[in-house]
1. Which of (1) within 13 Å of another protein chain (Cβ to nearest Cβ); (2) touching a His at 6+ places or on another chain (Cβ under 9 Å); (3) within 24 Å of B:Gly104 (Cα to Cα) does A:Cys23 not meet, given it meets every other one?
2. Filter the range A:30-49 for residues that are more than 12 Å from A:Ala92 (Cα to Cα), more than 9 Å from chain B (Cβ to nearest Cβ) and either crowded, with 23+ Cβ neighbours inside 10 Å or not polar (S, T, N, Q) (or both) and give the result.
3. What tally of residues in the range A:40-97 results from selecting those that are hydroxyl-bearing (Ser, Thr, Tyr) and farther than 26 Å from B:Gly105 by Cα?
4. How many residues are closer than 23 Å to A:Leu47 by Cβ, surrounded by fewer than 23 Cβ atoms within 10 Å (Cβ to Cβ) and without any contact (Cβ under 8 Å) to a residue 24 or more places away in the chain when one looks only at the range B:61-98?
5. Could you tell me how many of the residues in the range A:72-99 are touching a Leu at 6+ places or on another chain (Cβ under 9 Å) and surrounded by 14 or more Cβ atoms within 10 Å (Cβ to Cβ)?
6. Determine whether A:Thr52 is buried (at least 17 other Cβ atoms within 10 Å of the Cβ) and either away from chain B (no Cβ under 14 Å) or farther than 21 Å from B:Gln33 by Cα (or both).
7. If I ask for residues that are under 13 Å from the mean Cα position of the chain (by Cα), over 23 Å from B:Thr91 (Cβ atoms) and either within 14 Å of another protein chain (Cβ to nearest Cβ) or among the small types (Gly, Ala, Ser) (or both), which ones from the range A:75-102 would you list?
8. Please return the ranges of strands (runs of 3 or more DSSP E) entirely within the range A:1-104 where 1 or more residues are among the acidic types (Asp, Glu).
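The values are calculated or read from the model by the stated rules, or taken from the named source; none is laboratory data. Model, not experiment: these values are computed from the prediction. For neighbour counting, all protein chains shown are included, and Cβ atoms are generated from backbone atoms with ideal geometry for every residue, glycine included.
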Amino acid sequence: AQTIHQWPVAEIKAVGSPLSLGCTIKGKSSPNLYWYWQATGGTLQQLFYSITVGQVESVVQLNLSASRPKDDQFILSTEKLLLSHSGFYLCAWSPQGAAEVFFGKGTRLTVV
Amino acid sequence: SQLAEENSWALSVHEGESVTVNCSYKTSITALQWYRQKSGKGPAQLILIRSNEREKRNGRLRATLDTSSQSSSLSITATRCEDTAVYFCATENNNAGAKLTFGGGTRLTVRP
């Protein structure tokens with residue numbers, strides 16, 4: 001069975017500090033990978049998606065970047081956090097060519 | 001760009017009652033999905049309904065899709081307290097799942 005693991009579960013970071021969030025998917029080769037952001041009580045906004053290693057497409061510019069260094073790994077990062085980066089970050093995956101998206105448990109980020 | 005939106009921000013019912021959440025979208029789609037998100041968790045897919053389908057069922061859930069009016073509904077019968085969650089519709093305009101646009105969500109509360 002496929003599993004998706006996100007880390008950390010929660011972070012409290014200072015404005016201007018760097019950030020790195022990680023996600024791994026086990027049990028599935030060559031998945032599509034996604035990063036979503038959700039403001040408290042808000043909708044899910046897709047940030048990035050990747051259909052293969054080393055290839056990442058940006059959907060929304062939020063002063064964040066993403067990388068896919070391995071087939072099963074997706075990293076979200078920034079060198080300088082803003083207050084507006086606070087929220088719930090969700091990693092997700094879908095099989096190639098399939099529509100259902102499976103979400104991780106998310107990382108709660110608070111920027112102070 | 002696509003816009004998927006649920007038509008009610010919040011709904012409240014008593015346990016055992018039925019409830020319907022509606023969703024409208026703006027452009028052509030290949031499929032529409034309904035997701036449920038419980039507090040502090042990632043969303044989980046409930047139903048995927050393709051553009052050539054008019055109705056789909058999953059246990060107590062029934063989704064409809066009307067491509068002429070660009071709308072969908074999700075009905076839940078015999079609601080339970082554990083159905084309390086935010087319900088999102090999400091649209092895609094390709095079959096690869098790479099770009100999923102979520103609506104703002106409807107918060108459903110099922111009271112005992």
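1. (3)
2. Answer for the range A:30-49, where residues must be more than 12 Å from A:Ala92 (Cα to Cα), more than 9 Å from chain B (Cβ to nearest Cβ) and either crowded, with 23+ Cβ neighbours inside 10 Å or not polar (S, T, N, Q) (or both): just A:Ala39.
3. 5
4. 2
5. 18
6. Details: buried (at least 17 other Cβ atoms within 10 Å of the Cβ): no; either away from chain B (no Cβ under 14 Å) or farther than 21 Å from B:Gln33 by Cα (or both): yes.
Spelling it out, it is not the case that A:Thr52 is buried (at least 17 other Cβ atoms within 10 Å of the Cβ) and either away from chain B (no Cβ under 14 Å) or farther than 21 Å from B:Gln33 by Cα (or both).
7. A:Ser77
8. Fully inside the range A:1-104 and qualifying: A:10-13, A:55-58.
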